[in-house]
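**Student:** Take this structure, written in structure tokens, and hold onto it; I'll ask about it next.
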Amino acid sequence: MKKNLISIAVSVVAAAVLGVGIYYWCFCRFYVPPEHMAIVTAKSGKNPAAGTLLVERGEKGIWREVLPEGRYFLDPVMHDIKIVPAINIPIGKVGVVTSKVGKALAPGEIIAPDKSYQGVWRDVLSPGVHRLNPEGYKVDIVDAINIPFGYVGVITAQTGKPAQPGEFARAGEKGVLRDILQPGLYYINPRAYQVNVIEIGMNQVTMTGGSDSVIAVKNRIEAASDTLNEISANTLNTQLQARSTAARSAVDGKAVNNRVMLKKKAPAASARRVMGATASAAATTVPQTPDMVYSVGGFVEFPSRDGFKILMDMTVEFELMPAHIAQIYMLYGDLPQVVAKIILPQILSVTRMKGSSYKAQDFIVGAGRETFQNNLRSDLGKVLREKSIVVHNAIIRNVTIPENILKPIQEASLAVEQNLTNYSLQETAKIEAELNSQTAMIDQKRKEIEQETRKIVAEIEAEQRQAVRMIAAETDLEVAKLQLQRSQMDAARNKLKGETAVQVKFIRENEIALGTGMKAQALGASGVLADLSLVEKLNPKLKLQVIYAGDGTLWTDLKSGSLQVKK
């Protein structure tokens, strides 16, 4: 009975577990696809604090945490699930986050000190996929800041305590920062920092009365990426619109000299670059914006030393150095304000001061005009150098002088020039005659040199032939001497050879004779040697037998029958 109860209990538990598993797998399971997130609202749990918008797990309400891609199990009775796309920030954009949750900011503040406060976060979301609960955080996607080549960015902090007048803003202060942005892509919060793009390098400002003049800036170098070019164009167009608005406000309010105003100009057929971006290139990537040019109407005007009114066109080439850009912007403003407040007043002031010390005719005669231009460039450079602006050149042209003095000066100048021309013609004729004389002398000298050269060549050839013959004779003499020495050596060798042969024969025969004498002496009795010689000369095949026959008798047996003597 007990075993049956246990079996029933196990079966019930197994069925319960299986039922729960089936319920969770079939009804509680859900998927979050890639680049999406799930927002969970808990219908049960601990009650959060009053006014809480987002809650933690275990509390009742909208979870602060969002669920990334993957598989999850949550009871649909106790939870509401909403799947939404994640925040995808493309390249060249940033996400500005406004938090709806957290501690309240101090009055007047908009930038949150950290992420525990409500308000705009100082840090931005970089390009990529981000997951923030949209119920508690708002994300605005805006352009990043791309500083093109040939420009720098001046940063102005827009929040905090105001900096001291004339000083750069420090950490936590509102105002212009000392550090500038070099060309490149930056992810900056536009609500916390304002970035003004300012041209560096060579710029020009032209004052002319014949037509409107412009502040010309150098061309921008295109980036390798179309996306970066588009961002650069957007950045420059934003800056251009800000300049346009400021210029219109200044003209309408009569706040600045109306000689410097912002005007619209239709895009030129040559695709003139505006603020570093061409109108034609911008039209293919971003909405086209009209060219903005800064018009400087009117001549440079001043009285001469002799009381005549002088009018002239002038172009000044200047450069804003990157090391001083932030200070210049803090003190004077953007490039148009620098031109209006600093460069143009100094041009007019220095020109009037220097021009009033010259007579009217000095601006017609080339030497006087060049002297005035050099002095103007030097003095203008000294004045603007104190403002951290480098002047490279100041060029004057189209000088206008009253007709009643211009004509006599021109006639006098023409007369002087004519005299100089006549004198030059005379000098030219003299030089030409001298040249002809020198040419004739040169021809004569050339002929003499050619003749002398031929003579020298002949002498050298004769000396070479004589030297060759001398060398040949000396060679023959040396050969004869060598042959004589050889003949002498051959005679001495033959003599020595004959003497040696005679001596060898003498010594050999003498030794033979001595040997014969010694042999005869050794045999003793006379005649024995002769007999021995006879025996030695007998035929070796001859056999001689001596037979003893008694006293006084000697028989020989010559079996060969004949005696052969070896020849």
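**Student:** Could you list, in their original order, any pairs among LYS497/LYS519; LYS115/LYS161; LYS46/LYS82 whose Cα atoms are separated by more than 24 Å?
**Tutor:** LYS497/LYS519
**Student:** Taking H as built 1.01 Å from N, whose amide H comes closer than 5 Å to the amide H of ILE200, not counting residues under 5 places away?
**Tutor:** For ILE200, the qualifying residues are TYR151, VAL152.
**Student:** For a label point 7 angstrom out from the Cα of GLU173 toward its Cβ, which stretches of the range 310-339 have the backbone nitrogen within less than 15 Å?
**Tutor:** 327, 330-331
**Student:** Then there is this: Net charge within 14 Å of TYR24 by Cβ-Cβ distance, Lys/Arg positive one each and Asp/Glu negative one each, not counting TYR24 itself?
**Tutor:** Summing Lys and Arg as +1 and Asp and Glu as -1 gives +1.
**Student:** Counting Lys +1, Arg +1, Asp -1, Glu -1, what net charge surrounds ALA491 among other residues with beta carbon under 14 Å of its beta carbon?
**Tutor:** +2
**Student:** Compare the peptides 237-243, 165-171, 392-398, 471-477 by average per-residue count of other Cβ atoms within 10 angstrom and give them in order, highest first.
**Tutor:** Ranking the peptides 237-243, 165-171, 392-398, 471-477 by packing returns 237-243, 392-398, 165-171, 471-477.
**Student:** Could you derive backbone 3J(HN,Hα) for the range 116-125 from the dihedral phi with the Karplus parameters 6.51, -1.76 and 1.60 (θ = phi - 60°), listing whole Hz in sequence and x where the residue is Gly or Pro?
**Tutor:** 8, 10, 6, x, 7, 5, 5, 7, 10, 8
**Student:** Using 1/(1 + (r/R0)^6) with R0 = 60 angstrom and r between the beta carbons of GLU411 and ILE442, what's the FRET efficiency to the nearest 0.05?
**Tutor:** Computed FRET efficiency for GLU411 and ILE442: 0.85.
**Student:** Please list 332-345, 74-87, 420-433 highest first by mean number of surrounding beta-carbon atoms within 10 Å per residue.
**Tutor:** In descending order of packing, they fall as 332-345, 74-87, 420-433.
**Student:** Would you please give the residues with an amide H less than 5 Å from that of ILE188, counting only those at least 5 places away or on a separate chain, with H modeled from the backbone geometry?
**Tutor:** ILE145
**Student:** Between the range 46-70 and the range 443-469, what's the alpha-carbon centroid distance in Å?
**Tutor:** Cα centres, the range 46-70 to the range 443-469: 115 Å.
**Student:** All other residues with a Cβ under 14 Å from the Cβ of GLY175 taken together, and with Lys, Arg as +1 and Asp, Glu as -1, what is their net charge?
**Tutor:** Summing Lys and Arg as +1 and Asp and Glu as -1 gives +1.
Only the coordinates and a few stated rules stand behind these numbers; no lab work does. Since the model is a prediction, treat every value here as computed from it, not as a measurement. Backbone-built Cβ (ideal geometry, glycine too); neighbour counts: all protein chains shown.
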